[in-house]
Every structure is written in structure tokens, then in C-alpha cells.
Amino acid sequence: MSDSAAPVGPSLHLSVVIDRPWRRVYEYVSDPRNLPRWAAGLAGSEVQREVSQWSMSSPMGRVLVSFVPENDLGVVDHTVTLPTGESVLNPLRVLPLTEESCEVVFTLRRGAMSEAEFAEDAEAVGADLATLKEICEQG
């Protein structure tokens with residue numbers, strides 16, 4: 001799982017510390033074409049541009065993802081439109097810690113998930129963040 005996971009009401013904040021400058025990690029995370037490399041819970045195949053969104057196959061089926069515009073705040077929030085048509089906002093931040101390290105924080109929101117689904121989703125996000133850490137620290 002990630003470095004920390006603290007439940008807060010209907011949300012869970014998962015985070016990982018990465019020993020790389022925040023800007024480098026932000027650039028990697030905010031590029032949707034990198035999703036299949038680190039976000040197995042979301043992207044399982046090649047990502048394709050679709051006007052203002054990105055489409056990809058996922059374990060849930062075909063999804064559409066739209067990101068907030070590039071920014072200098074480390075905000076990588078994105079909305080995922082599921083095969084059912086439901087849209088889910090996923091808050092994601094890359095926060096500077098030092099000149100050479102940052103913290104990536106993902107807020108998992110419960111929505112209509114059962115306790116078991118929420119726990120399973122949290123485990124998947126934790127694994128994705130661990131993969132992201134490994135990739136970023138290798139390159």
C-alpha cells in the first residue's frame with residue numbers, strides 16, 4: 001500500500017513520498033499517455049485522445065478521462081466517466097516536500113461503494129501509487 005492511508009469521513013487520503021522533484025513527478029502524472037504504466041486500476045491499454053478527453057480500456061470497461069488544465073500548483077484532478085455514464089471526480093495532488101522530493105496524494109471518495117468495494121479500490125490505488133513511486137525514482 002502507500003506510505004500513508006488515513007480515513008477521513010466518506011473519503012480516504014492515500015499518499016506516497018517520491019524522491020524526485022515535484023515538477024518532474026507532476027509532468028509524468030499529468031500526462032494521460034503514462035496512465036497504463038502506473039495506474040492499472042484505471043488504464044489497461046493505450047490511451048487515445050478524444051477531443052477534450054482521453055479514452056482507454058480499463059478493468060471496468062471503456063472509460064473517458066478529462067484532466068484539469070496544466071497548472072503550477074501540482075493539481076492533477078481528473079474526472080472519469082465510467083461505462084455506465086456515471087462521472088467520478090478524482091482529486092490528485094503532487095505536493096513539493098523538498099527540492100528533491102514530493103508527496104503524491106490521491107483522495108478516494110466512497111460514493112455508492114460498499115465497504116468491501118471501497119477497501120478493494122483503496123488497495124488498488126495504493127498499488128498504483130507504489131508503482132508510480134518505483135517508476136519515478138528509477139528514471
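The values are calculated or read from the model by the stated rules, or taken from the named source; none is laboratory data. No experiment lies behind these values; they were computed from the predicted model shown. Methodologically, a virtual Cβ is constructed for each residue, glycine included, from the backbone with ideal geometry; neighbour enumeration extends over all protein chains shown.
Restricting the stretch 116-126 to residues that are small (G, A, S) and within 11 Å of the chain's Cα centre (by Cα) leaves a set whose member that is surrounded by the most Cβ atoms within 10 Å (Cβ to Cβ) is G126. Residues that are touching a helix residue (DSSP H, G or I) at 6+ places or on another chain (Cβ under 7 Å), assigned to a loop (DSSP other than H, G, I, E, B) and at pLDDT below 90 within the stretch 47-80 comprise just one, V47. Within the stretch 73-115, if we keep just the residues that are among the polar types (S, T, N, Q) and within 22 Å of R62 (Cβ to Cβ), the residue that is farthest from the chain's Cα centre (by Cα) turns out to be T84. The set of residues from the stretch 85-139 being under 16 Å from S30 (Cα atoms), in a strand (DSSP E or B) and modelled with pLDDT of 90 or more comprises L92, R93, V94, L95, P96, C102, E103, V104, V105, F106. One residue stands out among those in the stretch 57-75 that are surrounded by 15 or more Cβ atoms within 10 Å (Cβ to Cβ) and touching a residue at least 24 places away in the same chain (Cβ under 8 Å): the one that is farthest from D121 (Cα to Cα), which is G74.
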